[in-house]
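The next block holds one structure in the form of structure tokens; read it before the comments.
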Amino acid sequence: MKAKEIIVSPKVLRYTFLALTAGGCLMLFLNLSSYFGITSDGPFIRGYVSTQGDYGPTVQPLSDGNGSYKIFNFGERKLVLLDFSNLPSFMQFRHMFYILCQKMVWFLAIIVMYQMYRIFRNLDRKVMFRDENTRRIRLIALAVLLYPIMGFLAEVQFKAIVSQLPGHTLQLSSIPILDQEIVYGAILSLVIFALADVFRSGTQLQQEQDLTI
Amino acid sequence: MPIIVNVDVMMAKRKMSLTELASKVDITLANLSILKTGKAKAIRFGTLEAICKALDCQPGDVLEYVAEKGVGE
């Protein structure tokens, strides 16, 4: 007996991505307003910093005496929240640049959600192989490539802010623990770019089909 | 494109309108217009046969090859 196929209709996906886009915009707005102290007690910024590890492995023998295991400590990520007593101390270029980099990550995610919504809207209208869709897939690929890079930049900038805090005791790592994300982002981006190229070929075939009388 | 479609010439010779030809060939006016204006990328043998039958002509009367300037000189 043939298993019943479960097909998610483009209409469902279309409205799902629309809801995600709207939700993302709302979250971005709320997040920004809380940073500036509009919907919070006062201006603040928060972010992750990577702390230094000891790099040398800690050797732990197995209890049965049949060997041992090594633990490598490459540092860890810590969430730091900086509260500002007044707006002028908050309104500094380096803080604004950090917020720009951090929120750019959100903005890119919103762009991806919106482009997905537009693609599924076109699919819902049976408009599949069009140049417009190819452009949108390319834009998604670019956003996916930029996403971890902006995250990396934001963390580097936040590390610079934290390292200048008077009397801080954090042993900060020189490079944030994000390098793998950049590699994954680049690979995923290449895959999506390849998909866009396949879509472009599909568009050409569709055009030829449309112009065959 | 060096292939010229002379459907409009043959239609004028046979004093046939676009609508009449479209109904005889059984293709839409939009597609016939694409063919007439030279925007078409390909033509099916079936369509060509129907056009030749409707216009009482040969494929060579409908299609013509004109070499592009600067190509193969």
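If only the Cβ of Lys and Arg carry +1 and only the Cβ of Asp and Glu carry -1, the dipole of the protein assembly as shown around its Cα centre is close to 720 debye.
When a/c reaches 1.5 or more, the comparison of a/b and b/c decides; with that in mind, is segment A:1-121 rounded, prolate or oblate per its Cα gyration tensor?
Oblate.
A probe of 1.4 angstrom, applied to the heavy atoms of all protein chains, finds B:Asp56 with accessible area near 120 square angstrom. Rounded to the nearest 10 degrees, the inclination of helix A:131-163 to the longest alpha-carbon principal axis of chain A is 0 degrees. Among the chymotrypsin sites (Phe, Trp or Tyr not before Pro) in segment A:155-213, none is located in a DSSP loop while being surrounded by at most 14 other Cβ atoms within 10 Å of its own Cβ. Were the residues from B:Val9 through B:Ala42 laid out at 0.36 nm apart, the gain over their Cα-Cα distance would be 10.0 nm.
For chain B, which whole-number percentage of the solvent-accessible area (1.4 Å probe, protein heavy atoms only) is attributable to carbon and sulfur atoms? Don't skip to the answer; put the middle values down first.
Values: 2710 of 4940 Å².
Answer for chain B: carbon and sulfur cover 55 percent of the accessible area.
If you plug the beta carbon distance of A:Phe72 and A:Ala22 into 1/(1 + (r/R0)^6) with R0 = 51 Å, you get a FRET efficiency near 0.70.
Surface burial for B against A, with a 1.4 Å probe and both sides summed, reaches about 700 Å² of accessible area. For chain A, the longest principal axis of the alpha carbon atoms and the long axis of helix A:93-124 meet at an angle near 20°. Each other residue within a Cβ distance under 15 Å of A:Leu108 adds +1 if Lys or Arg and -1 if Asp or Glu, for a net charge of +2.
Applying a DSSP loop filter and a limit of 11 other Cβ atoms within 10 Å to the trypsin sites (Lys or Arg not before Pro) in segment B:1-47 leaves B:Lys15, B:Arg44.
Per residue, the solvent-accessible area of the protein assembly as shown (1.4 Å probe, heavy atoms of protein chains only, all protein chains present) comes to 65 Å². Each residue was assigned an accessible area with a 1.4 Å probe, and for A:Val191 the value is about 90 Å². Only protein heavy atoms count here; under a 1.4 Å probe, B:Ser33 has an accessible surface of about 50 Å².
Taking each residue as 0.36 nm, the span from A:Val127 to A:Ile38 lengthens on full extension beyond its C-alpha to C-alpha distance by 27.7 nm.
May I ask you to derive the FRET efficiency for A:Asp54 and A:Asp197 from their Cβ-Cβ distance with R0 = 35 Å, giving the value to the nearest 0.05?
It comes out at approximately 0.15.
The values are calculated or read from the model by the stated rules, or taken from the named source; none is laboratory data. It should be emphasised that the depicted structure is a prediction, and the values quoted were computed from it without experimental measurement. Using ideal geometry, Cβ is built from the backbone for each residue, glycine included, and neighbour counts are taken over all protein chains shown. Please note that ligands, DNA and RNA were not included when accessible areas were found on the heavy atoms of the full protein model with its side chains. Shrake-Rupley method; radii C 1.70, N 1.55, O 1.52, S 1.80 Å.
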